[in-house]
Amino acid sequence: MTRRSWLVGAFAVLAFAQTLAYYVYLRDDPGNYNGAGAQGDQVAYVDLAQQLLHGTWQGAVHYMPGLPAVIALSQVLLGDPRLGLAVVQGLIYALLVVFAARLAAMAFGDTSSVWAAGAVGLNPALGYYAAQALTEFLTAAGLLALVGAVFAWSRRPRVYPVERSGAWVYPVERSGARVGLAALAGLLLAALAYLRAEYLGLAVVFALIVLLVGARRSGASGALAHGLVLLGVTALVMAPWVVRYAVATGRPALYNESPFSNLVLMGTWFRVFDEQTFAELQQIETAPGSRAEAIQRAAAVGPRPELSQRYMEQARGPYERPLDETFGLALGNIQLNLRQYLVNHVVLAPVLIWAGHTPVRQADAPHLPASGRYAIWAAELGLLGLALWQAVLVLGGSARPLAPLARGRRPRMDYPEGTQVGGPERLEGLVGGRSNHGEPGGSSAACGSEGTAALALSFLAVVVFLTVVHVVIGVDERFTTPALPLIGVFAGARLAGLARGRQSVAVRYAQ
């Protein structure tokens, strides 16, 4: 094994160890599902897993059956749903590190693999969620697999060039493998939706990416066919769940009860109240008593009692409202606080949801020094900034990511079918040349092929999708965790490029 392989393996082992360490650390946390009297999503998912083990499903509000099924399997394997899930997700985490390293190496060069593995395997936010019965970690693994499938789709066919009449030509593409990869992407999208239903929205996003990238390569008709395959497989895999719900309730849907109205309305109240006012409103919201009593008590809270009363009317109101009523109330909330709403949702929210991963248990959070919290947030934002920088380089560059030519093997590159790239001397010049960023072929800054372009587009689409969804429905940093493995891949590639650039400068200076 090479030194890089050993390092990637070490990061994978550390990822597994980090998951189990967090499991032990969170075991006695009152805010965690292992604590006595704890409540919340973790408890609900474990309870739903018990229903699946007994062959029933009663559901609860907006929970999908994907995570309960994994918890049930973990319980069958190891006897305890909580420890079992931590072990299973820890193993998946280790494989995720290896996959991220492989993806970075294929897209940006071998030197990127170790950096990507470190950025993914040592991220405490991933270990924190891998140790818990929440959907964030499995959706992170699913998103990385989905982007990897689209990347592989965009690179097909991986064929050797053939010399014809003194020029190197790539054979005509066979589309069977690409159709299979498009179907795999649809399957992964459906798996994500079985974890959290809002990920169904990504089906349209990735179909558009397939259409955009594929149209440049094999024409609009072929790209459209692949996009339809992706959408069709997603719909086909989701159909049994939708049909089951329609038979049980008389109307097709995904949930036993839709939380959409509540999520949209609560999103409009983000950071409207000061901390003291909001704490009082939360006490009233969770206190026993009728809705009318809660609204009456809220009418005397805060510097703007009319806003407090309106908030309580919606927080303790019908959980599912007609769409016209929901959007009407949301528009009214925004108009009452238009300037604050714009500042909160356009300026603050996009930063907070990407910087707010503080992987400590709830009991320890108040004791964490502000400097420590800011350091964690700065590190998360720094990784995101590096990842976005790398994605911009990929989409803005013109050089192709050509890997260094291995001894005794012909070059394998990803030009479209039938492309003529010149004579043997031209081919060697391309392989041994430098990118437009002044780095050797296959470097972390290499840009230009359909594969890396599709990878960058997929990454940016995921970031924008998660940002928009969770700004609109209520800001929560927990729900941007699924993008962290992708951030690790791109940030690792950028770090590798920066390290290589510094090394090149040092060598030139020494000479």
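The values are calculated or read from the model by the stated rules, or taken from the named source; none is laboratory data. Small disclaimer: the values here were computed from a predicted structure and weren't measured. No Cβ is skipped: glycine too gets one built from the backbone with ideal geometry, and neighbour counts run over all protein chains shown. Note: accessible area is taken over every heavy atom of the protein model, side chains too, but ligands, DNA and RNA are not part of it. Shrake-Rupley method; radii C 1.70, N 1.55, O 1.52, S 1.80 Å.
Some notes on this structure:
- Accessible surface ranking that places the most exposed of Trp57, Trp354 first, with a 1.4 angstrom probe: Trp57, Trp354
- Share of pairwise Cα separations in region 188-309, more than 24 Å, in percent: 55 percent
- With the whole protein complex present, Asp41 retains an accessible surface near 40 Å², based on a 1.4 Å probe.
- Heavy-atom accessible area with a 1.4 Å probe sorts Ser221, Ser113, largest first, into Ser221, Ser113.
- Packing, as the average of other Cβ atoms within 10 Å across residues, places the peptides 276-282, 452-458, 306-312 in the order 452-458, 306-312, 276-282, highest first.
- Averaged over residues, the count of other Cβ atoms within 10 Å places the peptides 95-106, 376-387, 10-21 in the sequence 95-106, 10-21, 376-387, highest first.
- For region 84-91, backbone phi angles converted through the Karplus equation (6.51, -1.76, 1.60; θ = phi - 60°) give residue-by-residue couplings of x, 5, 4, 5, 4, 5, x, 5 Hz, Gly and Pro being listed as x.
- The solvent-accessible area of Trp269, taken with every protein chain present and a 1.4 Å probe, is close to 10 Å².
- Rg(Cα) / (2.2 N^0.38 Å) computed for region 238-389, rounded to two decimals: 1.31
- Label-point separation in nm, Arg244 to Leu348, each point 7 Å along Cα→Cβ: 4.1 nm
- Judged by the ratio a/c of the largest to the smallest principal axis of the C-alpha gyration tensor, region 256-317 counts as oblate, that ratio being 1.5 or greater while a/b is no larger than b/c.
- For region 41-93, averaging the sequence separation of C-alpha pairs within contact (under 8 Å, six or more residues apart) and dividing by the residue count gives a relative contact order of 29 percent.
- Region 262-369, relative contact order in percent, only Cα pairs under 8 angstrom and at least six apart counted: 32 percent
- Protein-only accessible surface order, largest first, of Leu78, Leu484 at 1.4 Å: Leu78, Leu484
- Using a probe of 1.4 Å, the accessible surface attributed to Glu313 totals some 70 Å² when neighbouring protein chains are kept in position.
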